[in-house]
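The values are calculated or read from the model by the stated rules, or taken from the named source; none is laboratory data. Quick caveat, the model's predicted, so the values are computed rather than measured. Ideal geometry is used to build each Cβ from the backbone, glycine not excepted, and the neighbour counts take in all protein chains shown. The area values use the complete protein model at the heavy-atom level, side chains included, leaving out ligands, DNA and RNA. Shrake-Rupley method; radii C 1.70, N 1.55, O 1.52, S 1.80 Å.
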Amino acid sequence: MPNEHSYTYMQESACTPTTDIEGYVPFPDDRCQEYVDEGYWRNLTFHDVLDRAATETPEQTAVIGPHRELTYEELAENSRQLAISLATEAGLEENDFVVFQFPNSSEFLEAFFACSRIGVIPVMLLPRHREAEARHVLDLTEAKAVFAAGDRYQLGFDHVSLLDDVGDEFDHLTHRFAVVDDEETLPEGWTSFDAARDGDLGSEPSVDLEDIDVNPSNPGVLLLSGGTTGMPKGIPRTYNDYVFQWEYMAKVANVQSDWVAFPSVPIGHNASLNCVIGAAIWAGATIAVEPVLKPDALMSLIERHGGSYSLPIPTQLIDILEHPDLEEYDLSSLEVLVSGGQKVRPKAVYEFVDRWDIGFCNIFGMAEGPLICTRPEDDVDDQAHTVGRPIAPDADEVRIVDEAREEEVTRGDAGELSVRGPGFFTGYLRHAEENDENFDDDGWFYTEDVLALNDDGNYEVYGRLKDTIIRGGENIYAPGLEDVIIEHEKVENVAVIGIPDDRLGERVGAYIELVDGYDSLTVDEMGEYLKGQGIAVFKRPERIEIVNELPRTEVGKISKADLRDDIVKRLESE
Ligand code: AMP
């Protein structure tokens, strides 16, 4: 079935933001009006989208696993009951923040839509975040409640203890909910998630959901920026701007209501929440969830449930292709894969398309908003080498600008990506300094990512501005160099960084994981190889560090921040 719906939700007037959250930058009223007039914003909250599917296809399975299956009607109803409990027991109301630290699970979805019903803003702490990040977001948001995974999920880490300890430092945190099978395992002061969801807490409801009118132009979720530089920043997304992207992502990937979408990275990361969960709910599709995001668990999910659509990061694509038991899994149900967050290796795209005949959306994505991707029907060469076009080409305002952030560069040249539009955020929460630096007076956001718009209309990613090594005045884009180095027979994985240097500013350094069976790779060997590939002398690594495993961020991307710290420590000790 196509993902068009039989009726529209256009409202005559714009909903102008009404939030009074201190340190939040709302969309300007004129832009709200414009986006509604143009039909980009439909004035729908997250639960409106869910309720639409629950009305149109109540018996359709909304979520499978890991412990339960829920139809759309059940998911909608459970989230209603939980919303009432949250308002009644915890006194939560519009514009309050609550911190989520769920694994990929049906409970996440119940809680996510419950929050929407009462205008409460969930904060997307990820399972791999620890004390420092938890403390930071509790402090930043003054959250009144937390949700954590208890004994139902064997995640190898005690999230209840983490949030219990850190939570004690904050008076504003008054309520704690955990997903547990055995309530006896909970510390004092915690409430069972199931009891709240099932309305078993005993109090008379203090609210009638019919009376709560959530403003879709207010923030509906607080995403967290990747931890590549210091503490995560809070990225507020309104219902309107996020739902706009759900709709366009569903259209671009052609998500169908009989598909099974599955998040491959943590469900609270934008890659999953927006491109997989949001697109699936928009299309009324089924979502299969698996808390353990290892390749065999994901392949088994695809085989068991007929998984058709997901957004794995590039490393996961490689892990699947190189899995020793790959042949034992039937992955033929795959229809469309989106991948990005890091440069995708072209070889992986060709292999996936060849093997499983899938549509490949190579995506450049940021939690702040930009989603630029190839389409399933594009030529595979474009899917392998470019990130295609913005998901809403008519609505998304996208420019590639020069270093001064003043002029657009000549088409084909690399420059900084700058964006504005109905699907992009308007500022980090309580971070005036960062907002001053990266927004201009007209509302354009400067992403610090370097891209180029090719003559054929597809964008190509070069890397972060900070991922550009400047050696004696020469610019070297690390990801481009990594693409060549990774093709060396001894190289399993590589990260190229700048090594601070008194004379040249920076020199090129490479951290390398070797292919099994090799135990060394010298600068000279690499230099010879790169010479053979026609790579200029100044780009060739002057130092190579062999490591067993490259450090990763909470979603599994290579953490260059850790490598930069590491090289500084090594230099100091030498
Ligand atoms: P996050 O904050 O986790 O959403 O990460 C966003 C960042 O990931 C972007 O600002 C880019 O630096 C990087 N990124 C996303 N997609 C790609 C891609 N296809 N190629 C290279 N880098 C990417």
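Between Glu434 and Gln154, full extension at 0.36 nm per residue minus the direct alpha carbon distance yields a gain of 97.0 nm. Rolling a 1.4 Å probe over the heavy atoms of the protein chains gives segment 388-427 an accessible area of 43 Å² per residue. Relative to the longest principal axis of the Cα atoms of the chain, the long axis of helix 346-356 makes an angle of roughly 50 degrees.
With all protein chains in place and ligands, DNA and RNA left out, the 1.4 Å accessible area ranks Arg464, Arg68 as Arg464, Arg68, largest first. Each residue, Glu408 and Tyr350, gets one label point 7 Å from its Cα in the Cβ direction; the gap between the two is 3.4 nm. Projecting label points 7 angstrom from Cα along Cα→Cβ for Glu22 and Asp181 puts them 4.5 nm apart. Extents of the chain, taken as max minus min of Cα coordinates on every principal axis and listed largest first, are 75, 52, 48 Å. For segment 35-117, the square roots of the Cα gyration tensor eigenvalues, ordered a ≥ b ≥ c, give a/c of at least 1.5 with a/b no greater than b/c, which places it in the oblate category.
Helix 239-252 and the long axis of the chain differ in direction by around 60°, with both axes built from C-alpha atoms.
Note on the chain: Lys pairs 8 or more places apart or on different chains, Cα atoms under 20 Å apart, count 20. Placing unit charges on each Cβ (+1 for Lys and Arg, -1 for Asp and Glu) gives the chain a dipole about its Cα centre, and among Leu550, Val63, Pro370 the Cα reaching farthest toward its positive end belongs to Leu550. Under a model in which nothing but the beta-carbon of Lys, Arg (+1) and Asp, Glu (-1) is charged, segment 13-453 shows a dipole of about 720 debye around its Cα centre. With a cut-off of 12 Å between beta carbons, the residues surrounding Ile476 carry a summed charge of -1, where Lys and Arg count +1 and Asp and Glu -1.
The share of Cα pairs per 10 Å bin across segment 421-462, counted from zero up to the longest distance, runs 24, 41, 29, 6 percent. Quick one: net charge around Ser573, please, counting Lys, Arg +1 and Asp, Glu -1 for every other residue with C-beta under 15 Å from its C-beta. Taking every Cβ under 15 Å from that of Ser573, the sum is -2. Surface composition of segment 13-169: carbon plus sulfur atoms contribute 41% of the solvent-accessible area (1.4 Å probe, protein chains only, all chains present).
Mean separation of Cα pairs under 8 Å and 6 or more residues apart, divided by the residue count, gives segment 479-573 a relative contact order of 27 percent. Our summary gives the chain a relative contact order of 11 percent, counting only alpha carbon pairs under 8 angstrom and 6 or more residues apart. Here the calculated FRET efficiency for Thr522 and Leu321, from their Cβ-Cβ distance with R0 = 25 Å, stands at 0.30, rounded to the nearest 0.05. What is the sum of charges, Lys and Arg at +1 and Asp and Glu at -1, for the other residues whose Cβ falls under 14 Å from the Cβ of Asp20? Net charge around Asp20: -4.
Step by step: find N for segment 73-179, compute 2.2 N^0.38 Å, then divide the Cα radius of gyration by it. What's the final number?
0.99
Per-residue ellipticity at 222 nm computed for the chain from its helices equals -8500 deg cm²/dmol, with DSSP H segments shorter than 4 residues left out and the rest contributing -39,500 (n - 2.57). With the simple model of a label 7 Å out from the Cα in the direction of the Cβ, Glu204 to Leu331 spans 5.7 nm.
Take Ile363: with every protein chain present and a 1.4 Å probe, its accessible area is about 10 Å². Evaluated at q = 0.11, 0.13, 0.23 Å⁻¹, the base-10 log of the normalised Debye intensity for segment 479-573, with identical point scatterers placed on the Cα atoms, takes the values -0.31, -0.43, -1.31. Measuring from a point 7 Å past the Cα of Glu489 along Cα-to-C-beta, which residues in segment 517-537 have an amide N at less than 12 Å? Counting only backbone N, you get 518.
Taking θ as phi - 60° and the Karplus parameters 6.51, -1.76 and 1.60, the scalar couplings of segment 66-79 work out to x, 10, 9, 10, 10, 7, 4, 5, 5, 4, 4, 5, 4, 5 Hz in sequence order, x denoting glycine and proline. In segment 312-419, one over the average inverse separation of all distinct C-alpha pairs is 15.2 Å, which is the Kirkwood hydrodynamic radius.
Rounded, prolate or oblate: which one fits segment 337-481, using the alpha carbon gyration tensor with axes a ≥ b ≥ c (rounded when a/c is under 1.5, else prolate when a/b beats b/c, else oblate)?
Prolate.
Sorting 218-224, 442-448, 314-320, 527-533 by their mean Cβ neighbour count within 10 Å, with the most densely packed peptide first, gives 218-224, 314-320, 442-448, 527-533. Lacking any other cysteine beta-carbon closer than 4.7 Å, the following Cys residues of the chain have no compatible partner: Cys15, Cys32, Cys115, Cys275. Note on surface exposure: Phe97, Phe157 rank Phe157, Phe97 by accessible area, highest first, 1.4 Å probe.
Globularity index of segment 169-308 is 1.27 (Cα radius of gyration / 2.2 N^0.38 Å, N = number of residues). Here the 3J(HN,Hα) profile of segment 189-204, calculated from phi with Karplus coefficients 6.51, -1.76 and 1.60 at θ = phi - 60°, is x, 9, 10, 5, 4, 4, 5, 5, 5, 8, x, 9, 8, x, 7, 6 Hz, Gly and Pro shown as x. Ranked from largest to smallest solvent-accessible area, with a 1.4 Å probe on the protein heavy atoms, Asp396, Asp211 come out as Asp211, Asp396.
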